[in-house]
Amino acid sequence: MTSKTLSRIAGAVLCCVAGTALAAVSAQEAARLGRDLTPMGAEKAGNAAGTIPAWDGGITSPAKAGFPDFKTGGHHPDPYAADRPLYRIDASNAARYDAQLTAGHKAMLNAYRASFYMNVYPSRRSTAFPQRIYDATIRNATSAKLAAGGNGVTGAINGVPFPIPKEGVEVLWNHILRYRADIAGRNIGQAAVTRSGDYTMVKFRDEALFAYHLPGAKEENLDNVIVYFFQETVAPARLAGEILLVHETLDQAKENRRAWLYNPGQRRVRRAPNVAFDNPGTASDGLRTSDQLDIYNGSPERYNWTLVGKKEMIVPYNSYKLHSNQLKDRDIIRPLHLNPEHTRYELHRVWVIDSVLKPGQRHIYKRRTFYVDEDSWQIVAVDCYDGRDQLWRVQEGHSINYYDVPTFWSTMETTYDLQSGRYLALGFDNEEPMTVASNPKRTTADFTPAAIARRGTR
């Protein structure tokens, strides 16, 4: 079945059920998972043109990546290092690829004509997850339902809830509930880059316990929390010691996320209800909202979500160069945008969803268009529009397969402000001693206000 056909089917279904909460798919539909669809719901087959290959299971281990001696916590070597670009897209030839480019990428090619380009590489469907995540996703397909008007999910655990989505908000929940790890920690940097290319690197230590994904987890035992998240600012000195704690909830209508901040100057922990929606992201210099971390996070309640369909698009993918310890931060950062020599784009099928601000709700973005990878449910690009319906910011999720897990997750998140010429890049781990690594010693007791108070005062 072609992408165009699927898009028409999705559109027809949407017209019939708009505004209603859909039940889980039938057993007959779910039977496609693992057959003509991957266990996560993507089309197994390649495209008619042969420019997107069939999914062959992805990279399931370091050995399959070609690096059997790889140790968790290191910088993942590039399994596709021998690939060379098939072609380069710049302002002079962008029109040729118009149907496969996001509105954001078209705008960047036009605005930064002298310096921005996109090297397009062979498409590699590297995404893979543990077998238990596949099994859970297949089970969820016939039991998961939207709750609270789309602001929550019930009947799902471990895997994505809606591998065969019928509504735009279901696609969003697949991104929110996609598998990243059981318990993980990372050392990363964030740079708010001025138009001239100046920046100060802010360094974070992140830790997360993904309660929804833990082996043996049950929905009734989650206490409505899907992720326990901890972020400590390490540098620069003026910000060091600030700690953010978040408990992300499954039913956002029943209870919005719980958040706390530890201020080292006051040596106090305080509730932080403003860590949500369009409040500024941590140390982002106003270039990112709170709900743009992880490309999108939190409640969908302020927007109406529409499933546009599935399209073949050129998007960031297998961005191992941005994760490499062979590069320095200064090799990657350039004025206006990341150094295009170190980015990688590929042609993939993505789900396209539109979000439009509901009447009476507020957010700095009136509308956003999301491009969600069919294999991983990772958001790989977003077009963000201001209150005048003008394209304002462009997000990219430069992702890789962390094949020791395995999972497919962003290694670098960028937010480009087309109006100011500034941008934010989060995920610099090139000069860090440890990248994403599991920490099985962490429990929910390590993610409490009392725990961060102790950590902050020691």
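Laboratory data are not the source of any read-out in this text; all were calculated from the coordinates shown. Because the structure is predicted, anything quoted here is derived from the model rather than measured. Note that each Cβ is placed from the backbone with ideal geometry, even for glycine, and that neighbours are counted across all protein chains shown.
Over all distinct Cα pairs, what is the inverse of the mean 1/r for the chain, reported as the Kirkwood hydrodynamic radius in Å?
On the way: mean 1/r = 0.0449 Å⁻¹.
It is 22.3 Å.
With 24 Å as the limit on Cα-Cα distance, the pairs of K106/K366; K254/K310; K166/K358; K106/K358; K321/K441 that go past it are K254/K310; K106/K358; K321/K441.
Summarising the label geometry, the points placed 7 Å from Cα in the beta-carbon direction at V356 and R270 lie 3.9 nm from one another.
Which of the trypsin sites (Lys or Arg not before Pro) found in segment 39-142 are in a DSSP loop and have at most 11 neighbouring Cβ atoms, other than their own, within 10 Å?
Sparse-neighbourhood loop trypsin sites (Lys or Arg not before Pro): K71.
Here's the list of lysines a cross-link from K203 could span, going by alpha-carbon distance under 17 Å and ignoring same-chain residues fewer than 8 apart: K328.
Taking loop as defined by DSSP and a crowding limit of 15 other beta carbons within 10 Å, which GluC sites (Glu not before Pro) in segment 373-445 fit? Please report the intermediate quantities before stating the final value.
On the way: sites: E374, E396, E413, E431; in loops: E374, E431.
Listed in order of number, the matching sites are E431.
Calculate the all-directions average of the projected area of segment 30-91's alpha-carbon convex hull, and give it in nm².
On the way: hull surface 28.9 nm².
Result: a mean projected hull area of 7.2 nm².
Summarise the long-distance tail of P(r) for segment 240-287 by giving the % of C-alpha pairs beyond 11 Å. Counting pairs separated by more than 11 Å, the tail of P(r) holds 71 percent. Placing dummy labels 7 Å off each Cα toward the beta-carbon, the span from S196 to R238 is 1.7 nm. The GluC sites (Glu not before Pro) of segment 213-291 meeting both criteria, a DSSP state outside H, G, I, E and B (loop) and at most 16 other C-beta atoms within 10 angstrom of the site's C-beta, are E255.
Structural descriptor for the chain: relative contact order 20 percent, calculated from alpha carbon pairs under 8 angstrom and at least 6 residues apart. When the alpha carbon coordinates of segment 139-184 are projected onto the principal axes, the ranges are 31, 19, 18 Å, largest first.
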